[in-house]
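Notes follow once the structure below has been shown.
The values are calculated or read from the model by the stated rules, or taken from the named source; none is laboratory data. All values derive from a computational prediction rather than experimental measurement. FYI the Cβ positions are ideal-geometry reconstructions off the backbone, even for glycines, and counts take in every protein chain you see. All accessible areas refer to the heavy atoms of the entire protein, side chains included, with ligands and DNA or RNA removed. Shrake-Rupley method; radii C 1.70, N 1.55, O 1.52, S 1.80 Å.
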Amino acid sequence: MVEKEGEETICKNNDYIFQCTGNRVIEIQSMFYGRESNTICGNSPIPAGGCSAPSALGIISSKCNGKKFCYINTIPHTLYGDPCVGMDKYIQVSWKCVEGGTDTVCEHSDRGSLDITCTGNKVIKIHSSFYGRESSIKCGDHNVPEGGCSSASALSTVVSRCGGERSCHVPANNYIFGDPCIGVRKYMTVSWTCEQQRVPHKQLVCERVTAQLSCSEGMNVRVTKATYGRSDPKKCKPQSIPSGRCDAPNALMVVRKNCDYLQSCTLESNNAAFGHDPCPGTQKYLEVEYQCISTTF
């Protein structure tokens, strides 16, 4: 039983168990399956250029992240694929135990919903989400539809509510996820970790100018703040601040709708984009702060 962070090499036909204690759960940092050395796990030839399964990290992250306990092995090629047929392969994996959890909420239960909160300056990262029924014993004794049933939007729905937030509330019901199997009592299972909030990206867009928000490959935009109007006399074309309010109350909603969970998006800084002019006759600007967060859907 492993109860510490670290790195491990797992040779052919062996298995390995990770376990985190308290309120900490597993987060996989790196994962290799294949062969790049002729000395690790026995003396075996290396194919030209080495060999590795490109999907190994994603598969094990999906299997283990956000859980207190996880088992992996090197036996089934069906799990990782076989990157070099006929050769002995090995796993090299690194992981750590972080704040997070996995929780199940039953449909039509007294609890009825999941509340996630991260401490300090940490934000939520969703690793997996399920809504439907695959077990006959979870949340009461019920028949499982042939092949099970699950909501195709379960992951994207929970990520949109929780990803990058410090806390969130997710009801376990058909209104949120749709009904994947009518007449069957369902349950929701979510796995998450809490990660340190990154320094936000900032973008200033003067009125009648377009700009782009973007993140690197594998990361998506999550807008945390957006204002359209004028609160600073020096930004963009210098101009005095009008008396009264000069900001569009729907700015955050509009920018999030256009950009959240996309790798990149284009913003227009004009009255039409926000539906009205918050202060006629004043030169305005759009200010946006956003995080680049990893998503798995």
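Over region 7-95, what is the relative contact order in percent, taking alpha-carbon pairs closer than 8 angstrom and at least six residues apart?
Relative contact order for region 7-95 comes out at 50 percent.
To the nearest 20 debye, what is the magnitude of the charge dipole of region 84-228 about its Cα centre, counting +1 on the Cβ of each Lys and Arg and -1 on the Cβ of each Asp and Glu?
For this selection, approximately 540 debye.
Could you tell me which residue out of Val184, Asn121, Gly218 lies farthest along the dipole of region 108-236 toward its positive end? Charges go on the beta carbon: Lys and Arg +1, Asp and Glu -1, centred on the Cα centre.
Highest projection toward the positive end goes to Asn121.
Probe of 1.4 angstrom, ligands and nucleic acids ignored: what's the accessible area per residue over region 123-237, in square angstrom?
Accessible area per residue: 50 Å².
Report in % the part of the accessible area of region 149-297 that belongs to carbon and sulfur, leaving out ligands and nucleic acids; probe 1.4 Å.
51
Using amide H atoms built 1.01 Å from N in the peptide plane, name the residues 5+ places from Lys186, or on other chains, whose amide H lies under 5 Å from its own.
Those qualifying (amide H under 5 Å, at least 5 residues apart or on another chain) are Glu107.
Please report, in debye to the nearest 20, how large the charge dipole of the chain is about its Cα centre when each Lys and Arg carries +1 at its beta carbon and each Asp and Glu carries -1 there.
That gives the chain a dipole magnitude of about 820 debye.
Would you mind calculating the relative contact order of the chain from Cα pairs under 8 angstrom and at least 6 residues apart, reporting the percent as a whole number?
So the answer I get is 17 percent.
Quick check: pseudo-label points 7 Å beyond the Cα along Cα→Cβ at Asn271 and Asn173, how many nm apart are they?
Rounded to a tenth, the inter-label distance reads 4.1 nm.
Less than 13 Å Cβ to Cβ from His142, Lys/Arg counted +1 and Asp/Glu -1: what total charge do the surrounding residues give?
+1
Would you look at the GNM of the chain, springs on alpha carbons closer than 10 Å, and say which of Arg230, Arg111, Arg35 moves the most?
Comparing Arg230, Arg111, Arg35 in the GNM, the peak value goes to Arg111.
From the phi angles alone, apply the Karplus equation (6.51, -1.76, 1.60; θ = phi - 60°) to region 169-180 and give each ³J(HN,Hα) in whole Hz, x where the residue is Gly or Pro.
Per residue, the Karplus-derived 3J(HN,Hα) values read 10, 10, x, 9, 8, 5, 4, 7, 10, x, 10, x Hz.
Could you identify which residue out of Tyr16, Tyr261, Tyr175 has the top mean-square fluctuation in a GNM of the chain using Cα springs shorter than 10 Å?
Among Tyr16, Tyr261, Tyr175, the largest GNM mean-square fluctuation belongs to Tyr175.
Might you work out the accessible area of Lys202 for me, using a 1.4 Å probe with all protein chains in place, and round it to the nearest 10 Å²?
150
Using a probe of 1.4 angstrom, how much of the accessible area of region 1-73 is carbon and sulfur, in percent?
47
Would you look at the GNM of the chain, springs on alpha carbons closer than 10 Å, and say which of Gln203, Gln19, Gln263 moves the most?
With Cα springs under 10 Å in the chain, the top fluctuation among Gln203, Gln19, Gln263 is at Gln203.
So if I place +1 on the C-beta of Lys and Arg and -1 on the C-beta of Asp and Glu, and nothing else carries charge, what would the dipole magnitude of region 162-292 be about its Cα centre? I want it in debye, nearest 20.
The dipole magnitude comes to about 220 debye.
List the relative contact order of region 90-194 as a percent without decimals, with contacts defined as Cα pairs under 8 Å and 6+ residues apart.
The value is 45 percent.
Using just the helices of the chain, give the 222 nm mean residue ellipticity in deg cm²/dmol: DSSP H runs with n ≥ 4 each add -39,500 (n - 2.57), and the total is spread over all residues, rounded to 500.
For the chain, the value works out to -3000 deg cm²/dmol.
Once fully extended, how much extra length lies between Cys181 and Ala152, figured as 0.36 nm per residue of separation less the alpha-carbon to alpha-carbon distance?
9.3 nm
Using θ = phi - 60° and the Karplus form 6.51 cos²θ - 1.76 cosθ + 1.60, what ³J(HN,Hα) does each residue of region 193-203 get, whole Hz, x for Gly and Pro?
Karplus-based 3J(HN,Hα) across region 193-203 equals 10, 10, 10, 4, 5, 7, 4, x, 6, 10, 9 Hz.
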